[in-house]
Amino acid sequence: MSERATYAYGLLGPEAYRRVRTAKILVVGAGGIGCELLKNLVLVGFGNIQIIDLDTIDLSNLNRQFLFRKADIKKSKALVAAAFAKHFNPGPGPVPGGDNVEEDVLKIKGVHIDARHGNIKEEENDVQWMQGFDLVLSALDNLDARRHVNRLCCSAGVPLIESGTQGYLGQVTPMQKGRTECFDCMAKPVPKTFPVCTIRATPSEPIHCIVWGKSYLFGKLFGEDDEDSDDTELEKAKADGEDADEIDNLKKEAAAFREVRQKISETDGAKRVFEKVFSDDIKRLLSMEDMWKVEGRVKPVPLDYETILAGNFTAPHVRVAAVNGTKASKENGAAPPKPEESKAPADVARSAVGLKDQRELSVKDNLELFIDSCNRLSARAVAHPNIPLSFDKDDDDTLDFVLATANLRAIAYGIPTKTRFEVKQMAGNIIPAIATTNAIIAGFIVMRAINILNNDWTKCTNVFLKADPARPLRSYGTQPPEPSCGVCQDVYVPLPCDPSKLTLGTFVNEIVRGWLGWKTNDEGEDMEISVYEDKRLLADPDYEDNFEKPLEALGVKRGKMLTVVDDDGVFANVAFPLCKLPETSEKPYQLPEKAPEVPKKPVQQKETSPSPPPQIVGQKRPAPEDEQDDETASKRAKIMDGIPAGGNDQANVQLVYDSDDDIEIL
Ligand SMILES: [Zn+2]
């Protein structure tokens, strides 16, 4: 036994050490958490690890993904991480699938790491493959892949440890079907959006101004000409009950934009834009008296180009209602700030010596930056008239433009301004990834992994890392499964089959009606059933068009699953994940002799939400159809409310699921 193994053996004891050496562990993701996790697993003495990741190494990863070096850029994360981590425990490792008798476990040194550069959603990663693991550790960065892994683990009955970090926040959540909640038991909030009129006419927070500069003004002047979509958006807002006059006004505004856009590259193009958006538009809004009768709305003040440039402009009061940022206490003072006076030359010079991006800009600074960035962008637009520009937080010209316009708008509306650093973060949705957070979370994943391998679920609590210096770590008992969950409450039956031969009709008649016995209901009537692949409806009582088609022709192949739903809502759903049929099989599918006992749905669920179940209701559409691409949504950071167990005083623990790869080095 190596010296290190002696310590681990001593700490864990012979039983747990044997499990650590022999268990087959799947690590999904070799990024921020994945690298830390792999290192920990190898150092603790885990003997059999498979790691999979589809990403390649990027320069911006190197500040926190310590298994990678500059020379590794563009190489596979999984392969490089495995090759590097292997050095921490040299030796061949226990033979995968071998007997691993007690003596071998102590004698054989090293670790066996099987690294794969690939996507967890590929078809060979099916339910049978998943069943080959004792435990799955998810170190993913997007919602879509997380949900896929969750469902795979549920269908294979393999325990899963979910984890995520976001800035200083982090969490570890152990899960097992039937014992704890699953990833899909928790509701996911939709990304925050703002009503069109708040952005266009009645901003009250700095973020409203930033969204306006970035998503509206920038696009109007330099993006694609979107006359049609613009009108559609406004018509929709009108239909949604927004003020009709206000909408008509916004329409006029849109038409006027086209005019300034055409002349933007002329000498006074920037001035013309300024006068339209910061003076004329505001004056027109002010003339709509009804608009300002709404309680809490504060009238904006038109900005004057010449006065600002001459340094004589007095900014309006910063409104208390809008104050909610770090600069709030400073700006919520008694006297309104006079930007030009409050910035004595010495102050400006001093702050300029510090971090340029964290300097507060005066109203004149903002106007000069606006003119400058507007000229830079229009020069680019003239040079490449057919390539519309788009906002990119790393493109200085676009960032400067959004910074200046957001601040000028904020000043007009009495909203606190932001620094370049702050606008870059807010406009780019950046939450910094912190190596320390990843390291702490990866440490807890390994502790929970050992708990699960020891089958010690009493110690297997959820762990939360919070930005609270007094008590950064919390742990709460695992939550029970959610009875209405559309993933972990399903019954799973792995179905080895040949999808090029098995037709949907055979599946329904032989497997569902025959083998599963879903023929008649309690009243003796024919049981009405529907068949789905993910959210696609393949068959229901009135839709049998696909019965003659083989599953393959319907886009259902190995790695996917067919879900059968009792339309009366009495029985739980039964999901059949498709897996590889042994070549010796004569039939196009194989099933165990005995069908599973399908439980009934909880009665209260039936009363409150009749069938079909929530995750697929309303999603019916004829198959086959392309899968929805929710990559954009899944890339966003997910924050959700969880409910802690154990009567703790901390009522609202926030669960975070990171978006590690969206993050840049700050
Ligand atoms: Zn669930």
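The values are calculated or read from the model by the stated rules, or taken from the named source; none is laboratory data. Being a predicted model, the structure only gives us computed values, none of them experimental. For neighbour counting, all protein chains shown are included, and Cβ atoms are generated from backbone atoms with ideal geometry for every residue, glycine included.
The condition of being surrounded by fewer than 13 Cβ atoms within 10 Å (Cβ to Cβ), closer than 30 Å to LEU377 by Cβ and either out of contact with any strand residue (DSSP E or B) (no Cβ under 9 Å at 6 or more places or on another chain) or among the small types (Gly, Ala, Ser) (or both) holds for only one of LYS276, LYS283, LYS271, that being LYS283.
Among the listed residues LEU54, LEU67, LEU62, which satisfies the condition of being without any contact (Cβ under 8 Å) to a residue 40 or more places away in the chain, assigned by TED's automatic domain parsing to the domain that holds GLN131 and within 24 Å of the chain's Cα centre (by Cα)?
LEU62
Being of a type in the set (Val, Ile, Thr) and either more than 10 Å from the ligand (Cβ to nearest atom) or at pLDDT below 90 (or both) is the filter here; which residues of the range 465-506 pass it? Selection gives THR478, VAL491, VAL493, THR503, THR506.
Just to be sure, is ARG448 of a type in the set (D, E, K, R), crowded, with 21+ Cβ neighbours inside 10 Å and at pLDDT 95 or above? Break it down stepwise before answering.
On the way: of a type in the set (D, E, K, R): yes; crowded, with 21+ Cβ neighbours inside 10 Å: yes; at pLDDT 95 or above: yes.
The answer is yes for ARG448.
Within the range 274-323, restricting attention to residues that are in a loop (DSSP other than H, G, I, E, B) and touching a Leu at 6+ places or on another chain (Cβ under 8 Å), the residue that is farthest from ILE264 (Cα to Cα) is LYS299.
Please go through the range 531-541 and pick out each residue that is within 14 Å of VAL508 (Cα to Cα) and either surrounded by 23 or more Cβ atoms within 10 Å (Cβ to Cβ) or out of contact with any Ser or Thr (no Cβ under 9 Å at 6 or more places or on another chain) (or both). Steps first, please.
Of the range 531-541, the ones within 14 Å of VAL508 (Cα to Cα) are 531-533, 537-541.
Result: VAL531, TYR532, LEU538, ALA539.
Quickly run through the range 115-138 and pick out the residues that are assigned to a helix (DSSP H, G or I) and either under 19 Å from the mean Cα position of the chain (by Cα) or crowded, with 22+ Cβ neighbours inside 10 Å (or both). Spell out how you get there, then give the answer.
Within the range 115-138, the first condition is being assigned to a helix (DSSP H, G or I), and the residues that meet it are 127-131.
Passing the criteria: VAL127, MET130.
State whether the residues of the range 79-86 include one that is at negative phi and not in a helix (DSSP H, G or I). Within the range 79-86, not a single residue is at negative phi and not in a helix (DSSP H, G or I). Among the residues of the range 24-40, some residue qualifies, meaning at least one is under 28 Å from ASN150 (Cβ atoms), in a strand (DSSP E or B) and basic (Lys, Arg).
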